1. Considering the stretch 17-43 alone, what residues qualify as being part of a helix (DSSP H, G or I), farther than 23 Å from Val289 by Cβ and either in contact with a Lys or Arg (Cβ under 7 Å, 6 or more places away or on another chain) or hydrophobic (A, V, I, L, M, F, W, C) (or both)?
2. Buried (at least 17 other Cβ atoms within 10 Å of the Cβ), touching a residue at least 24 places away in the same chain (Cβ under 8 Å) and either more than 30 Å from Lys288 (Cβ to Cβ) or hydrophobic (A, V, I, L, M, F, W, C) (or both): does that describe Val158?
3. In the stretch 285-299, which residues are open to solvent by less than 70 Å² (accessible area, probe 1.4 Å) and acidic (Asp, Glu)?
4. Identify all residues within the stretch 300-331 that are loosely packed, with under 13 Cβ neighbours inside 10 Å and over 17 Å from the mean Cα position of the chain (by Cα); write none if there are none.
5. I'd like the full set of residues that are touching a strand residue (DSSP E or B) at 6+ places or on another chain (Cβ under 8 Å) and assigned to a helix (DSSP H, G or I), limited to the stretch 259-288.
6. Which count do you get for residues in the stretch 50-82 that are closer than 21 Å to Ser98 by Cα, touching a residue at least 12 places away in the same chain (Cβ under 8 Å) and among the charged types (D, E, K, R)?
7. Mind checking which residues of the stretch 60-85 are out of contact with any Lys or Arg (no Cβ under 7 Å at 6 or more places or on another chain), under 19 Å from Ile290 (Cβ atoms) and crowded, with 20+ Cβ neighbours inside 10 Å?
8. Can you pull out the residues in the stretch 148-188 that are under 25 Å from Leu248 (Cα atoms) and either of a type in the set (Ser, Thr, Tyr) or more than 18 Å from the chain's Cα centre (by Cα) (or both)?
Amino acid sequence: MINLGVIGTNWITRVFINAALATGEYELTAVYSRKLETAQKFVEDFSDVEIATDLKTFFELEHLDTVYIASPNSLHFEQARAAILAGKNVIVEKPAFSTPDEMAEIIQLANQKRVFFFEAARNIHEAGFKKIVDYLCDKQVIGASFTYMKYSSRYDAVLDGEEPNIFSPHFSGGAIMDLGVYLVYAALGWFGMPRSQYYFAQKISTGVDGLGLGVLRYEDFDVALQTGKIGDSFLPSEIYFEDGTLILSGVSAFEKAEFYHRTTKKTTVLFDQGEKLPMFDQATDFAKVIQNPSDPDLGEAYQEWVELARNVNEVIYALRKQANITFDADK
């Protein structure tokens, strides 16, 4: 059983906990929050959960072996570093880190301490993502368009003159970091590293991107990225071939994919699995690696996830730097 501790008491933390417990491989043993009252309310639905309001005390809990970090983006690096130094595996909510230097240091440190670092990019662990990997293996792609744009209620606070964390450069916020990361994960997971990348951002008053259009250039095709947190899009995502189009319900999660045949004008369903418990697949994958550290196949999969996380971080960094989006973490 994996003894899980969490940093952060927001909705995403509860979603991950529910998924982790549903696998039967985790036990929630500790919660960190700066405010005791917040932590107490958060654990009301659980039993035998230790509460810590001091991070040093939290990381020193001997029975704790894996930490899920869902704090504001800018805090991920120092918290992950402290957890690894304490001998804990870390699962860091996407986007894991603000810069390639932070990513490189955590990967190196995790290797040195013989613990695992996972970026919680749920989409690459879903069965639908892997089915598309297999589907593409003998296909010639001529282009793709990925979209994830969803209005954030916290933008209302920005319009009122405030600066919530998710829209703050001090906390490494913005659209490309929060939602665009899924698009970049899908592109790099299916097509590899692009030759070049471009990002045209619409900045908001806080200095980060409210929405943006990106282009990843490959040898023979381009991938268009549309992301945003100040508007809504209901467009599907698509991959283009000479004989038709693969239409995806989305790339942040995979519920349905179907192929439109240009010559026959017919559509073939690749898969239609409906909604699933969010994060269940990634929690399952992480548990397999943690509990079987000597398995060579799992070790190979883990290294692939780590290198993909590194590459995604590098591309997102290049995209936002091109759009002149600067974080405190860059200084």
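The values are calculated or read from the model by the stated rules, or taken from the named source; none is laboratory data. Just so it is clear, the structure is predicted and the values come from calculations on it, not from any experiment. Glycine gets a Cβ as well: all are built from the backbone with ideal geometry, and neighbour counts include every protein chain shown. Please note that ligands, DNA and RNA were not included when accessible areas were found on the heavy atoms of the full protein model with its side chains. Shrake-Rupley method; radii C 1.70, N 1.55, O 1.52, S 1.80 Å.
1. Leu36, Ala39, Phe42, Val43
2. yes
3. The answer is Asp285, Asp295.
4. Glu300, Asn324, Asp328, Lys331
5. Gln282, Ala283, Phe286, Ala287
6. So the answer is 1.
7. Tyr68, Ile69, Ala70, Gln79, Ala80, Ala83 - these are the residues of the stretch 60-85 that are out of contact with any Lys or Arg (no Cβ under 7 Å at 6 or more places or on another chain), under 19 Å from Ile290 (Cβ atoms) and crowded, with 20+ Cβ neighbours inside 10 Å.
8. Tyr148, Tyr151, Ser152, Tyr182, Tyr185
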